[in-house]
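**Q** Provided herewith is a single structure, encoded as structure tokens, for subsequent inquiry.
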Amino acid sequence: MNALVLQFGKPWIWSWLAAFVVWFLTIMVTGGAGTLGLSQAALTFAAFSVIVGIGQMFVITLGPGNIDLSVPATMTLAGTVALKLMNVENGMILPGLLLAVLIGLGVGLCNYTLIKALRIPPIIATLSMSFIVQSAAIWTNRGLRIKPPSVLAEFTTTNTLGVPNVAIIAFLISILAWILLEKTIYGRWISAIGQSMPAARMAGIPVDGTRFVTYLFCAVLASISGYLLACFSGGAALNMGAEYLLMSIAVVVIGGTAVAGGDSNVPGIWGASLFMFLVVSMLNTYGLGAGIRLIMTGLIIISVIMLAGGRRGMR
Amino acid sequence: MTFRLSSDAIRLVIPALSLSLLLAAVFWLQPRAMSYIGLNLLFNLAVPIALATIAQMLVMAVNDLDLSMGAFVSFVACVTATFLRDAPVIGILILAGAVAAYAAIGVVIHLRDLPSIVVTLGMSFVWGGLAVLLLPAPGGRAPDWVRWLMTVKPPLAPMAIVASIIIAVIAHFIVKRSSLGVLIRGVGGNQRSVERAGWSIVAARATAYALAGLFAVLAGIALVGLTTSADANIALRYTLLSIAGVILGGGEFIGGRVSPIGAVIGALTLTLAGSFLSFLRISPDWQIGAQGAILIIVLALRLMLNRLEKREKRR
């Protein structure tokens with residue numbers, strides 16, 4: 001019992017509670033029908049937000065002002081170019097993935113070069129970069145819709161033991177992120193930088209190197225997510241990353257990561273991603289129109305942050 | 001005092017310089033733009049963007065960031081094209097309520113010490129939902145007086161230029177010359193010392209947000225005056241454009257260092273960049289990307305100038 005009470009001190013518990021309440025409210029209406037389908041859909045769609053969100057979380061942990069706005073453009077470019085390279089051939093799956101990762105590395109490298117060399121605030125640097133990346137995606141796409149290789153399309157849309165494959169991948173990435181964050185010196189470094197960059201520098205932490213790796217990591221995760229999303233939805237679309245801009249920030253913050261940086265957690269991302277999907281499907285189940293649904297989504301985000309938040313604002 | 005003035009002036013040099021360079025380039029490419037009508041066409045869309053940039057600047061002056069700007073301006077545009085035309089009293093009441101809501105957001109953010117990014121992110125869904133409820137499909141019509149105001153042809157200079165100058169002067173007086181403006185910037189600079197001096201931080205933040213709401217309302221009205229009809233997604237770009245405008249104009253994310261005149265110039269520069277690129281006959285695929293490149297170049301220039309400024313000081 002005591003352990004249970006202790007858990008309530010954890011910032012991520014709130015997002016899980018919220019997700020569970022919404023899930024419960026939804027199956028109440030359907031009367032238990034479609035529970036499995038709803039849960040699987042939630043896991044599938046949450047997986048994409050989780051992968052993007054983890055990268056964004058690492059960046060936000062670096063401290064005030066650190067945020068990566070190039071995430072949607074990177075997803076789109078990686079998805080488009082990878083599908084083009086694979087050209088529906090099953091043998092090209094690995095080269096395609098490699099290319100997506102390379103694109104992520106390239107975008108991350110450019111992002112951090114702008115931040116460091118030109119001393120541009122990360123928001124503006126990644127925003128300008130996203131314009132360029134988006135243009136590159138438009139240029140390569142040319143309105144073509146290439147289908148993913150059949151093996152990959154099947155893999156991303158099916159389940160293993162009832163769990164969607166993409167959710168399993170997202171789970172593996174989360175474990176890796178958790179280990180990086182909690183068990184390695186790198187994780188300690190980004191938290192330290194987020195709490196106070198001058199102090200971290202004084203303590204001899206390689207601040208520039210750590211920030212560089214973090215921006216690379218975020219861009220790579222975005223490109224992997226774009227690769228998977230393009231295969232899942234049967235082809236890349238130019239606007240496929242658009243909703244992940246706000247989504248990636250929302251899941252990080254609702255998940256209990258401090259916006260001021262220096263304090264992050266992986267489980268919260270899962271709770272928040274499930275929650276964000278379930279809210280929309282709950283409001284859909286209730287048969288509400290698009291307008292009401294948007295308003296409710298917004299009000300719920302604000303209520304969650306008011307309930308959970310208020311520890312340290314971004315000031 | 002003289003030193004402060006010159007320091008502020010230096011911050012304005014780069015925005016002014018980049019605007020004139022861009023303008024010269026446009027005139028060189030297309031001499032016919034160097035006329036009353038040409039200038040009006042070039043800068044027409046700058047008026048709503050300038051107003052939105054001023055609104056964003058006011059929020060940034062208290063160290064917050066408004067991610068709901070685009071959705072809010074769209075919402076106002078929808079109200080203007082429907083209620084403000086058919087039932088002006090109700091329309092004005094709705095807009096007044098929206099400004100009050102902005103003030104309330106400021107109070108909530110302060111009292112609960114919430115991250116402004118997340119609260120305004122949630123609000124962007126709310127405004128977007130309200131806009132969809134008002135105008136599910138593009139439509140509505142601009143009120144005649146708004147249309148008249150945006151298309152009136154004053155002597156000597158076109159409306160777009162006159163309006164930009166008026167906006168810059170009014171915002172300059174509010175932010176730089178009134179005691180209220182000093183208070184708002186003080187909250188951004190050092191909240192605790194302003195508090196110790198006996199001022200109410202809540203009131204200052206609420207006023208900053210209310211003023212931001214007011215300018216954003218004006219942006220929405222001006223936008224409908226130009227487009228003659230509205231759409232729930234009409235101004236979504238404004239969120240990022242307004243942030244970029246403030247930064248281009250010499251503003252900073254933290255510390256209450258903002259410049260209203262610079263912000264208007266930043267907005268003009270962003271608008272002009274679009275026209276410049278179409279005059280260059282750049283493939284439409286790369287237009288967004290080139291806008292990003294222009295943003296980067298201007299910021300690089302600013303870095304160079306800041307270095308020069310520092311070197312001067314050291315002497």
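**Q** Report, as an integer, the average count of C-beta atoms from other chains found within 10 Å of each Cβ along A:129-140.
**A** Mean shielding count: 6.
**Q** Further question on the same structure: Given R₀ = 30 Å, what would the calculated FRET efficiency be for B:Glu312 paired with B:Arg196, taking r from the Cβ atoms and rounding to 0.05?
**A** 0.30
**Q** So, one more: To the nearest 10 square angstrom, how much accessible area does A:Ile169 have with a 1.4 angstrom probe?
**A** 40
**Q** Sorted by accessible area (1.4 Å probe), largest first, how do B:Leu236, A:Leu181 line up?
**A** These residues rank, largest area first, as B:Leu236, A:Leu181.
**Q** Let me ask something additional. Give me the mean projected area, in nm² to one decimal, of the convex hull enclosing the Cα positions of the stretch A:180-227.
**A** Taking a quarter of the hull surface, the average projection is 3.5 nm².
**Q** Quick one: ranking A:Leu246, A:Leu69 by accessible area, 1.4 Å probe, largest first, what do you get?
**A** A:Leu246, A:Leu69
**Q** Further, regarding this structure: In nm, to one decimal, how far is the modelled label at B:Arg141 from the one at B:Ser35, with both set 7 Å along Cα→Cβ?
**A** Reported label-point gap for B:Arg141 and B:Ser35 is 3.1 nm.
**Q** Ok, one more. Return one whole number: the accessible area per residue of chain A in Å², for a 1.4 Å probe.
**A** I get 40 Å² per residue for chain A.
**Q** Please name whichever of A:Trp23, B:Leu308, B:Gly139 sits farthest to the positive end of the charge dipole of the protein assembly as shown, dipole taken about the Cα centre and charges placed at Cβ: Lys and Arg +1, Asp and Glu -1.
**A** It is B:Leu308, whose Cα lies furthest towards the positive end.
**Q** Taking just the alpha-carbon atoms of the stretch B:195-270, what radius of gyration and Dmax come out, in angstrom?
**A** In Å, with Rg to one decimal and Dmax whole: 15.0, 49.
**Q** So, taking all protein chains as they sit and a 1.4 Å probe, how much accessible area belongs to B:Leu248, in Å² rounded to tens?
**A** Near enough 10 Å² of accessible area.
**Q** With point charges of +1 on the Cβ of Lys and Arg and -1 on the Cβ of Asp and Glu, referenced to the Cα centre of the stretch B:41-163, which listed residue (B:Leu149, B:Ile92, B:Val73) lies farthest in the positive direction of the dipole?
**A** B:Leu149
**Q** Mean-square fluctuation check for chain B, GNM, Cα pairs under 10 Å: which of B:Thr228, B:Thr80, B:Thr239 is largest?
**A** Maximum fluctuation in the GNM of chain B, among the listed residues, is at B:Thr228.
**Q** Quote the charge dipole size of the protein assembly as shown about the Cα centre in Debye, to the nearest 20; the model charges only the Cβ of Lys and Arg (+1) and of Asp and Glu (-1).
**A** 1620
**Q** On a full-extension model of 0.36 nm per residue, what is the gain between B:Asp285 and B:Ser20, subtracting their alpha-carbon distance, rounded to one decimal in nm? Please list the in-between numbers first.
**A** Working: separation 265, 0.36 × 265 = 95.40 nm, distance 2.62 nm.
So the chain would gain 92.8 nm between B:Asp285 and B:Ser20.
**Q** Okay, next question. In nm, what is the difference between 0.36 nm times the number of residues separating A:Asn159 and A:Leu94 and their Cα-Cα distance?
**A** On the way: separation 65, 0.36 × 65 = 23.40 nm, distance 2.07 nm.
Using 0.36 nm per residue and subtracting the Cα-Cα distance, I get 21.3 nm.
**Q** Tell me, what is the percent relative contact order of chain A, built from C-alpha pairs under 8 Å that lie six or more residues apart?
**A** 36
**Q** Here is a follow-up. Quick one: if you stick a label point 7 Å off each Cα along the C-beta vector at B:Val152 and A:Ala199, how many nm between them?
**A** Using points 7 Å along Cα→Cβ, the separation is 5.7 nm.
**Q** Here's another thing I want to ask about it. Looking at B:Ile221, B:Val264, B:Val119, which one has the Cα that reaches farthest to the positive end of the dipole of the stretch B:8-307 (charges on Cβ: Lys, Arg +1; Asp, Glu -1)?
**A** Positive-end residue among those listed: B:Val264.
**Q** Here's another thing I want to ask about it. Under unit Cβ charges (Lys, Arg +1; Asp, Glu -1), what dipole magnitude, rounded to 20 debye, does the stretch A:1-159 have relative to its Cα centre?
**A** Details: 7 positive and 3 negative charges, 59 e Å.
The calculated dipole for the stretch A:1-159 is roughly 280 debye.
**Q** Right, something else. Taking a point 7 angstrom from the Cα of B:Leu12 along the C-beta vector, which residues in the stretch B:170-202 have backbone N less than 14 Å away?
**A** Hits in the stretch B:170-202 for B:Leu12 at 14 Å: B:170-177.
**Q** Can you give the FRET efficiency to the nearest 0.05 for A:Leu109 and B:Val89, using r as the Cβ-Cβ distance and R₀ = 45 Å?
**A** Approximately 0.20, to the nearest 0.05.
**Q** Counting only protein chains, not ligands or nucleic acids, how are B:Arg112, A:Arg119, B:Arg302, B:Arg281 ordered by accessible area (probe 1.4 Å), most first?
**A** From most exposed to least exposed: B:Arg281, A:Arg119, B:Arg112, B:Arg302.
**Q** So, one more: Compute the distribution of all C-alpha to C-alpha distances in the stretch B:96-234, in bins of 5 Å from 0, and list the percent of pairs in each, rounded to whole numbers.
**A** For the stretch B:96-234, the pair-distance distribution reads 2, 9, 13, 17, 17, 15, 13, 8, 4, 2, 0.
**Q** If I model a spin label at A:Ala290 and A:Leu238 as a point 7 Å from the Cα along the Cα→Cβ vector, what separation in nanometres do I get?
**A** Computed distance between label sites A:Ala290 and A:Leu238 equals 1.9 nm.
**Q** Rg/Rh for chain A: what does it come to with C-alpha atoms and Rh from Kirkwood?
**A** Using Cα coordinates only, the ratio equals 0.97.
**Q** Starting from the alpha-carbon convex hull of the protein assembly as shown, give the projected area averaged over all orientations, in nm².
**A** Hull-based average projected area comes out at 30.9 nm².
**Q** For the stretch B:8-307, go through all pairs of different Cα atoms, get the mean of 1/r, take its inverse, and jot down that Kirkwood value in Å. If you can, show how the numbers build up before the last one.
**A** Details: mean 1/r = 0.0513 Å⁻¹.
Value: 19.5 Å, from the Cα pair sum.
**Q** On to the next question. Using Cα pairs under 8 angstrom and six or more residues apart, how large is the relative contact order of chain B, in percent?
**A** That works out to 35 percent.
**Q** Per residue, how much accessible area does chain B have with a 1.4 Å probe, in Å²?
**A** 43
**Q** Next question, about the same structure. Can you give me the % of accessible surface on chain B that is carbon or sulfur? Probe 1.4 Å, all protein chains present, nothing else counted.
**A** 69
**Q** How big is the B/A interface in buried accessible area, both sides summed, 1.4 Å probe, to the nearest 100 Å²?
**A** On the way: alone 15450 and 14570 Å², together 26060 Å².
Counting protein atoms only, the buried area is about 4000 Å².
**Q** OK, next. Taking each residue in A:67-76, count the Cβ atoms of any other chain within 10 Å of its Cβ, then average. What number comes out?
**A** 1
**Q** Of the accessible area of the stretch A:179-248, with the probe set at 1.4 angstrom, what percent is carbon plus sulfur?
**A** Accessible surface attributable to carbon and sulfur in the stretch A:179-248 totals 68 percent.
The values are calculated or read from the model by the stated rules, or taken from the named source; none is laboratory data. Predicted, not measured: the structure shown is a model, and the values here were computed from it. Glycine also receives a Cβ, built like all others from the backbone with ideal geometry; neighbour counts cover every protein chain displayed. Ligands, DNA and RNA are excluded from the accessible area calculation, which covers all protein heavy atoms including side chains. Shrake-Rupley method; radii C 1.70, N 1.55, O 1.52, S 1.80 Å.
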